[in-house]
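Chemist: Structure incoming, see below.
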Amino acid sequence: MRILIVEDEHRIANSIKKGLEQERYAVDVAYTGTDGYDLASTEDYDLILLDIMLPEMNGIEICKELRKNKIHIPILMLTAKGQTEDKVVGLDAGADDYMTKPFSFDELLARVRALTRRKGTIVNTNLSVEDLVLDKKLFSVKRDGQEIKLSSKEFSLLEYLLANKKTIVTKDQIITHVWDYDADILPNTIEVYIKNLRNKIDKPFNNKKPLINTVRGFGYKIGS
């Protein structure tokens, strides 16, 4: 799950980024409106957290321009303004939800989850294929009832594979959705993480068929 934060107050932006990364999201940050718009219009995000008062290009302009260009990524507006008319302007510009600063991180996280559910990226707290179950809320993974310990990035990679089960995903798609924009990731890094997942998910269960499959020349698929 990949989120873009467009917020010119570095302390707020970095605090939100840190909190979301602890929740296993990949997060990019832009501190100006133009940088935010460039990322939002060229990269693949599941959600945008968009401040209204931004240098160079404000949040309303960004929102209108994205919608004008048929980019329908869910947008959660963030602003210090609380007047009803400001909320109306943001929603009329195409935003999906609105939060007034200051806000609690727990409330922000609840809004993030609600918007990604609305988008259809998250259907419930569990993702599964055959006897493998990943619980996003508890950050747990089990196969055949046995708990499997994963690192944070391994968990995010498995979550992405399961969200697209029985579908081939390329290395570029994995990099885009599991790592943030500034991460220095090479294609063979993905191979290392896939190998680690296989060692934990498939290898210990050699009496069962492997779940993670390589589709040569294309990418990877979990489930048949």
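The values are calculated or read from the model by the stated rules, or taken from the named source; none is laboratory data. Because the structure is a prediction, the values reported are computed rather than measured. Neighbour counts run over all protein chains shown; Cβ positions are idealised from the backbone, glycine included.
Chemist: Of Ile168, Ile174, Ile185, which residue is within 24 Å of Ala40 (Cβ to Cβ) and at pLDDT 85 or above?
Modeler: Details: Ile168 fails: within 24 Å of Ala40 (Cβ to Cβ); Ile185 fails: at pLDDT 85 or above.
Just one listed residue meets the conditions, Ile174.
Chemist: With Leu78, Leu50 as the choices, which residue is within 27 Å of Val178 (Cβ to Cβ) and under 17 Å from the mean Cα position of the chain (by Cα)?
Modeler: Working: Leu78 fails: under 17 Å from the mean Cα position of the chain (by Cα).
Answer to the check: Leu50.
Chemist: A further question follows. Looking for whichever is outside the structural domain of Tyr45 (by TED's automatic domain parsing), among the acidic types (Asp, Glu) and within 19 Å of Val129 (Cβ to Cβ) here; the options are Asp202, Asp172. Which one fits?
Modeler: Working: Asp172 fails: within 19 Å of Val129 (Cβ to Cβ).
Going through Asp202, Asp172 in turn, the sole match is Asp202.
Chemist: Scan segment 94-116 for residues that are part of a helix (DSSP H, G or I), within 17 Å of Asp46 (Cβ to Cβ) and either in contact (Cβ under 8 Å) with a residue 40 or more places away in the chain or of a type outside the set (D, E, K, R) (or both) and jot them down.
Modeler: Pass one, segment 94-116, residues part of a helix (DSSP H, G or I): 105-116.
Then keep just the ones that are within 17 Å of Asp46 (Cβ to Cβ); that gives 108-116.
Across segment 94-116, the qualifying residues are Leu108, Leu109, Ala110, Val112, Ala114, Leu115, Thr116.
Chemist: Here is a follow-up. Kindly establish whether Ile71 is closer than 30 Å to Lys221 by Cα and not assigned by TED's automatic domain parsing to the domain that holds Thr176. Steps first, please.
Modeler: Values: closer than 30 Å to Lys221 by Cα: yes; not assigned by TED's automatic domain parsing to the domain that holds Thr176: yes.
Against the criterion (closer than 30 Å to Lys221 by Cα and not assigned by TED's automatic domain parsing to the domain that holds Thr176), Ile71 qualifies.
Chemist: Could you go through segment 34-45 and let me know if any residue there is at pLDDT below 90 and of a type outside the set (Ser, Thr, Tyr).
Modeler: Yes, because at least one residue in segment 34-45 is at pLDDT below 90 and of a type outside the set (Ser, Thr, Tyr).
Chemist: Just name the residue that is farthest from the chain's Cα centre (by Cα) out of those in segment 186-224 that are closer than 13 Å to Asp172 by Cα and surrounded by fewer than 15 Cβ atoms within 10 Å (Cβ to Cβ).
Modeler: Filtering segment 186-224 for residues closer than 13 Å to Asp172 by Cα gives 186-191, 217-220.
With surrounded by fewer than 15 Cβ atoms within 10 Å (Cβ to Cβ) added as a condition, the list becomes 186-188, 191, 217-218.
On the way: Leu186: 20, Pro187: 20, Asn188: 22, Glu191: 21, Gly217: 26, Phe218: 22 Å.
The selected residue is Gly217.
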